[in-house]
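The values are calculated or read from the model by the stated rules, or taken from the named source; none is laboratory data. Bear in mind that the values here come from a model prediction, so they are computed numbers and not experimental data. Cβ atoms come from the backbone with ideal geometry, glycine included; neighbour counts cover every protein chain shown. All accessible areas refer to the heavy atoms of the entire protein, side chains included, with ligands and DNA or RNA removed. Shrake-Rupley method; radii C 1.70, N 1.55, O 1.52, S 1.80 Å.
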Amino acid sequence: MSSIRLLRNEAARAVLSPLTGGRASAHIRPTIAAIYITQFCNSRCTMCDFWKNDHDPRELTSEQWGVVFSRLKAFGVDFVGVNASGEMFTRPDVFEILGHLRALNMDFGVNSNGTLFTPPKAKRLAALKPRAVTIGLDGVGDAAYLATRGLKNGFTKISRHIDNLQREGIHNIGVGTVLMEQNLYEWVELARFALEKKLAGVRYTAHHDAYFTPDAAAHESRYADPDFLAVVEREIEKLIELKRKTGIVKNSEAYLRQVTAFYRNPTSYFPVPCLQGSNRIEIDIYGNVTLCSFMTEPLGNLAHQEMEEIWNSEPHRKAREDAFQGNCPKCFLSCYAEENLRLSARGFLPTLGNSLRRANLLLVSRT
């Protein structure tokens, strides 16, 4: 029943939102949530500062996450994307947290850097039947991994760990990567690696300083350099060609073609209307419900409140309206921009193939 509700709501949103300028989405309850269970990381990525965070003793416990999941399910959420502002599998109780989702018969996907999928952990994860596993990877080969993620022999380890997952029967494994200057010539190589490994695909995200390094001085000027942009445009066209030939690139062409313009002038793009607030629910490591990774002001706390109360509150309603009207920070994160393109009148047809693949993911039986 939950899968039917999930598909019904998401299909209605995908069809009605483009027809109504996004207004219909406000009347369709979110059936998807994204949670962040830790800020601690075991990598040393060059594109972000997340790994500088220590363990936070205020992070929700496994038992508290169980309460959060129960409240999400009561609200109507059927799919949870489990993430971290770091690496989720550094938590010793991560499998207990995921076990709460399985006990509630809620589907979930995980987002990891893949460094900790030893054979025993791969086996434990497979037993919980995740719908999808996304591994963060920004280059092919140990030298590229060291340059982007800061760990020696990292690529060799990740490749071996992907094998561990596949041997345990997890096959919907994808790669998530950031389109940045440090890995400019690795974008196509990553797609080829995914093809060779028989992975589900690669999803690319435009680099955004305000998200990855919020405390650092902005350096978009390097991204706006004409010589750099000329190479970006060539590499993007290669990705589009691979997408058409193999389907391994999971971004829409509409998104990929916008990346160069965004790097040229980061303030030139904004997804008005932004439907992030009504499209899904986002929860931080403390159980706070926030609108997105940029609008992080707590709108309520699921460890202490029902989602129904938070959803109907004035703060959450106003945050959704502000996002819809563009009264919030500008962003170009893939997980938001792609969704806004998919649910917009101008982006509906160009992203239709991605919408159909998304529907197929919701329909397929659990791995």
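When both residues are 6+ apart or on different chains and their Cβ atoms are under 6 Å apart, which pairs have a first residue that lies in the range 72-83 and is more than 16 Å from Asn312 (Cα to Cα), and a second that is aromatic (Phe, Trp, Tyr) and buried (at least 19 other Cβ atoms within 10 Å of the Cβ)?
Listed pairs, sorted by first residue: Val80/Phe108; Val82/Phe108; Asn83/Tyr36.
For the range 119-151, which residues satisfy the criterion of being part of a loop (DSSP other than H, G, I, E, B), in contact (Cβ under 8 Å) with a residue 40 or more places away in the chain and more than 28 Å from Gln182 (Cα to Cα)?
Matches in the range 119-151: Lys129, Pro130, Arg131.
Looking for something in a helix (DSSP H, G or I), open to solvent by 20 Å² or more (accessible area, probe 1.4 Å) and at pLDDT below 85 - is there at least one such residue anywhere in the range 221-244?
Yes, that holds for at least one residue.
Among residues belonging to the range 84-111 that are of a type in the set (Gly, Ala, Ser) and over 10 Å from Ile37 (Cβ atoms), point out the one that is most open to solvent (accessible area, probe 1.4 Å). Steps first, answer last, please.
Start the filter on the range 84-111 by keeping residues that are of a type in the set (Gly, Ala, Ser), which leaves 84-86, 99, 103, 109.
Now restrict to residues that are over 10 Å from Ile37 (Cβ atoms): 99, 103, 109.
Working: Gly99: 23, Ala103: 88, Gly109: 9 Å².
Checking each candidate, the answer is Ala103.
Of all helices (runs of 4 or more DSSP H) completely enclosed by the range 275-341, which ones contain at least 3 residues that are closer than 20 Å to Arg29 by Cβ and open to solvent by 50 Å² or more (accessible area, probe 1.4 Å)? Working first, answer last.
Working: elements: 276-279, 307-311, 314-325.
Correct list: 314-325.
Within the set of pairs 6+ apart or on separate chains, which have a first residue in the range 191-205 that is within 17 Å of Asn164 (Cα to Cα), a second that is open to solvent by 30 Å² or more (accessible area, probe 1.4 Å), and C-beta atoms under 6 Å apart?
Once the first residue is within 17 Å of Asn164 (Cα to Cα) and sits in the range 191-205, its partners that are open to solvent by 30 Å² or more (accessible area, probe 1.4 Å) give Phe193/Val140; Ala200/Asn172.
On the basis of being over 30 Å from Cys328 (Cα atoms), among the charged types (D, E, K, R) and buried (at least 19 other Cβ atoms within 10 Å of the Cβ), does Arg149 make the cut? Can you show your working first?
Working: over 30 Å from Cys328 (Cα atoms): yes; among the charged types (D, E, K, R): yes; buried (at least 19 other Cβ atoms within 10 Å of the Cβ): yes.
Spelling it out, Arg149 is indeed over 30 Å from Cys328 (Cα atoms), among the charged types (D, E, K, R) and buried (at least 19 other Cβ atoms within 10 Å of the Cβ).
Output the number of residues of the range 40-53 satisfying the condition of being out of contact with any Phe, Trp or Tyr (no Cβ under 7 Å at 6 or more places or on another chain) and touching a residue at least 12 places away in the same chain (Cβ under 8 Å). Write out each step before concluding.
Within the range 40-53, the first condition is being out of contact with any Phe, Trp or Tyr (no Cβ under 7 Å at 6 or more places or on another chain), and the residues that meet it are 40, 42, 46, 49-52.
Those still in the list that are touching a residue at least 12 places away in the same chain (Cβ under 8 Å) too: 40, 42, 46, 49-51.
Within the range 40-53, residues that are out of contact with any Phe, Trp or Tyr (no Cβ under 7 Å at 6 or more places or on another chain) and touching a residue at least 12 places away in the same chain (Cβ under 8 Å) number 6.
Pull up the range 167-183, narrow it to residues that are in contact with a helix residue (DSSP H, G or I) (Cβ under 6 Å, 6 or more places away or on another chain) and part of a helix (DSSP H, G or I), then point me to the one that is nearest to Thr118 (Cα to Cα).
Selected residue: Asn183.
Which residue out of Ser17, Ser3, Ser25 is at pLDDT below 85 and touching a Lys or Arg at 6+ places or on another chain (Cβ under 9 Å)? Please lay out each step first, then the result.
On the way: Ser17 fails: at pLDDT below 85; Ser3 fails: touching a Lys or Arg at 6+ places or on another chain (Cβ under 9 Å).
After ruling out the rest, the residue left standing is Ser25.
Within the range 1-46, track down each residue that is touching a strand residue (DSSP E or B) at 6+ places or on another chain (Cβ under 6 Å) and closer than 15 Å to Gly277 by Cα.
Within the range 1-46, Pro30, Ile32, Ala33, Ala34, Ile35 qualify.
Which condition number in (1) surrounded by fewer than 20 Cβ atoms within 10 Å (Cβ to Cβ); (2) under 24 Å from Ile158 (Cα atoms); (3) at pLDDT 95 or above is the one that Gln64 fails?
Evaluating Gln64 over (1) surrounded by fewer than 20 Cβ atoms within 10 Å (Cβ to Cβ); (2) under 24 Å from Ile158 (Cα atoms); (3) at pLDDT 95 or above leaves (2) as the failure.
Val133 versus (1) within 30 Å of Ser278 (Cβ to Cβ); (2) open to solvent by 30 Å² or more (accessible area, probe 1.4 Å); (3) at pLDDT 95 or above: which is the lone unmet condition?
If we test Val133 against (1) within 30 Å of Ser278 (Cβ to Cβ); (2) open to solvent by 30 Å² or more (accessible area, probe 1.4 Å); (3) at pLDDT 95 or above, just (2) comes out false.
Within the range 264-292, track down each residue that is among the aromatic types (Phe, Trp, Tyr) and modelled with pLDDT under 90. Let's see the steps before the verdict.
If we filter the range 264-292 for residues that are among the aromatic types (Phe, Trp, Tyr), which is where we start, we get 269-270, 286.
Result: Tyr269, Phe270.
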